[in-house]
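First comes the structure, then the notes that go with it.
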Amino acid sequence: MNKPRVGIIMGSDSDLPVMKAAADILNYFKIEFELTVVSAHRTPERMFDYAQGAHKRGIQVIIAGAGGAAHLPGMVASLSPLPVIGVPVKSSNSIDGWDSILSILQMPNGVPVATVALNASKNAGILAAQILGASDEKVLERVLTYKKELKEEVDQKIENLKQKGF
């Protein structure tokens, strides 16, 4: 097994049903990853260690999912030199997910967090693959294949509509 290149972290294991889609798409792209719980509020020392040490272990992109106040992606971005992709998670204590979205999206200048849509960890995984693909030809080829498959799916849907007389 190769070293993980992407770190998928979440504030709680209750976020796993959302964050699993990032793991699934990274598996599709054949990109090694690690997945763990790192709570900004309940395990701040663990968060500091993870964020400051990830690049030293070979991680190249961090995907951080969090619900509610959703401080994890921004705090990790403040501590790490790596690109961080934030996934706002609609949690049980959420205000329709808006609290998570705004907590991740509204970062101050100097601490960027790329933010995907609510519960859209699949998009975070795709974005991580695209970031890695900028300097890795094999990953780039897989991303290009994925984009081609998306187009083919739409083409098939168009053909299906035509066959139904639309």
Q: Return a yes/no flag: does the range 38-48 have any residue that is aliphatic (A, V, I, L, M) and under 16 Å from the mean Cα position of the chain (by Cα).
A: yes
(Q) Cβ contacts < 9 Å: first residue within 21 Å of Asp96 (Cα to Cα), restricted to the range 109-127; second residue acidic (Asp, Glu) and surrounded by 18 or more Cβ atoms within 10 Å (Cβ to Cβ), any location; separation 6+ or different chain. Result? (A) Ser121/Asp15
Q) Among all residue pairs at least 6 apart or on different chains, which show Cβ distances below 7 Å where the first residue, located in the range 53-66, is farther than 24 Å from Ala117 by Cα and the second is among the β-branched types (Val, Ile, Thr)? A) Ala54/Ile62
Q: Give me a count of the residues in the range 8-25 that are of a type in the set (D, E, K, R) and assigned to a strand (DSSP E or B).
A: 0
Q: Scan the range 26-51 and report the pairs whose first residue is within 18 Å of Met75 (Cβ to Cβ) and in contact (Cβ under 8 Å) with a residue 12 or more places away in the chain and whose second residue is of a type in the set (S, T, N, Q) and surrounded by 14 or more Cβ atoms within 10 Å (Cβ to Cβ), with Cβ atoms within less than 6 Å and a gap of 6+ or a chain change.
A: Ala51/Ser80
Q: Could you please find all residues in the range 135-152 being under 19 Å from the mean Cα position of the chain (by Cα) and surrounded by fewer than 10 Cβ atoms within 10 Å (Cβ to Cβ)?
A: Ser135
Q: Could you figure out which of (1) without any contact (Cβ under 8 Å) to a residue 60 or more places away in the chain; (2) under 25 Å from Ile31 (Cβ atoms); (3) in contact with a strand residue (DSSP E or B) (Cβ under 9 Å, 6 or more places away or on another chain); (4) part of a helix (DSSP H, G or I) isn't true of Thr145?
A: (3)
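Here is a yes/no grid of residues against (1) out of contact with any His (no Cβ under 9 Å at 6 or more places or on another chain); (2) at pLDDT 95 or above; (3) acidic (Asp, Glu):
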residue	(1), (2), (3)
Asp49	yes, yes, yes
Gln60	yes, yes, no
Gly74	yes, yes, no
Ala77	yes, yes, no
Val87	yes, yes, no
Asn93	yes, no, no
Asn109	yes, yes, no
Lys151	yes, yes, no
Leu161	yes, yes, no
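Is it the case that Ala120 is buried (at least 18 other Cβ atoms within 10 Å of the Cβ) and within 15 Å of Val61 (Cα to Cα)?
no
Within the range 13-25, how many residues are hydroxyl-bearing (Ser, Thr, Tyr) and without any contact (Cβ under 8 Å) to a residue 60 or more places away in the chain?
0
The values are calculated or read from the model by the stated rules, or taken from the named source; none is laboratory data. Since this is a predicted model, take the numbers as computed values, not measurements. Here Cβ is always computed from backbone atoms with ideal geometry, including for glycine, and neighbour counts include all displayed protein chains.
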